[in-house]
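Colleague: This is the structure I have questions about; it appears just below.
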Amino acid sequence: MKRHLPLAALVVLVFAAFCVAQDATPSPSPAAKPKPRMSKAALMKKLSANENALWNAWKNKDAKPFNMWLAVDSVMVGEQGEVKSFSLSDWKLTMVNADAAFLTYKGSADGTCGGQAIPTVWASSLWVNRKGKWQAFSHQETPVKP
């Protein structure tokens, strides 16, 4: 028994040394509160206004809003032509995640493209939030069957 006492004392001292040698874990600093996200209703209002502005720019052949709201790596598919007026309706917003929103709606235009009337379309746009700025990443239009 006396032979085991020095070994047990050595084990206790080694464990005590490891415990004392440990760095105190720094307490985490309180995380900065994230900026409150826009409500879905507010985001719908903002993105539908952006879409209206882009359609208006399309009608007026004004590139400035496109340069402002389109992401550098955006993809767009749609009609070209002469447009007198347009109307957008049946809005629906689906959140993909906190920084991506899928907007769908119906678009009608009074105008022509290649001598043909511009068809009413179901349109969809994927908007992404990059560094706090919502940008159109993708847009496509599918003609509504008459």
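The values are calculated or read from the model by the stated rules, or taken from the named source; none is laboratory data. Since the model is a prediction, treat every value here as computed from it, not as a measurement. Positions of Cβ are generated from backbone atoms using ideal geometry, with glycine treated the same way; all protein chains shown enter the neighbour counts.
Colleague: Tally time: how many residues in segment 80-95 are within 20 Å of Ala49 (Cα to Cα), at pLDDT below 95 and not hydroxyl-bearing (Ser, Thr, Tyr)?
Modeller: Number of matching residues: 3.
Colleague: Condition test on Ala17, is it at pLDDT below 85, loosely packed, with under 14 Cβ neighbours inside 10 Å, of a type in the set (Gly, Ala, Ser) and closer than 20 Å to Gly132 by Cβ?
Modeller: The answer is no for Ala17.
Colleague: For segment 68-75, check the following and say yes or no: at least one residue is part of a loop (DSSP other than H, G, I, E, B), within 21 Å of Gly132 (Cα to Cα), modelled with pLDDT under 90 and of a type outside the set (Phe, Trp, Tyr).
Modeller: No: segment 68-75 contains no residue that is part of a loop (DSSP other than H, G, I, E, B), within 21 Å of Gly132 (Cα to Cα), modelled with pLDDT under 90 and of a type outside the set (Phe, Trp, Tyr).
Colleague: I would also like to ask the following. Go through (1) at pLDDT 95 or above; (2) of a type in the set (A, V, I, L, M); (3) out of contact with any Ser or Thr (no Cβ under 6 Å at 6 or more places or on another chain) and name the single condition Ala117 misses.
Modeller: Ala117 satisfies every listed condition except (1).
Colleague: Residues to consider are Trp69, Trp122; find the one that is without any contact (Cβ under 8 Å) to a residue 60 or more places away in the chain and either surrounded by 14 or more Cβ atoms within 10 Å (Cβ to Cβ) or small (Gly, Ala, Ser) (or both).
Modeller: Trp122
So that you can scan it fast, the table gives a plain yes or no per residue for (1) aromatic (Phe, Trp, Tyr); (2) over 23 Å from Pro143 (Cβ atoms); (3) over 18 Å from the mean Cα position of the chain (by Cα):
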| position | (1), (2), (3) |
| --- | --- |
| Ser39 | no, yes, no |
| Asn56 | no, no, yes |
| Met95 | no, yes, no |
| Trp127 | yes, no, no |
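Colleague: Further, regarding this structure: What do you reckon, is Thr112 assigned to a strand (DSSP E or B), under 20 Å from Ala41 (Cβ atoms) and of a type in the set (Val, Ile, Thr)?
Modeller: Criteria not met by Thr112.
Colleague: What are the residues in segment 125-144 that are buried (at least 18 other Cβ atoms within 10 Å of the Cβ) and either over 18 Å from Phe66 (Cβ atoms) or among the aromatic types (Phe, Trp, Tyr) (or both), if any?
Modeller: Selection gives Trp127, Trp134, Phe137.
Colleague: Consider only pairs whose beta carbons are under 7 Å apart and that are at least six residues apart or on different chains; among these, list those whose first residue lies in segment 41-66 and is in contact (Cβ under 8 Å) with a residue 60 or more places away in the chain and whose second residue is part of a helix (DSSP H, G or I) and surrounded by fewer than 16 Cβ atoms within 10 Å (Cβ to Cβ).
Modeller: What qualifies is Leu54/Phe66.
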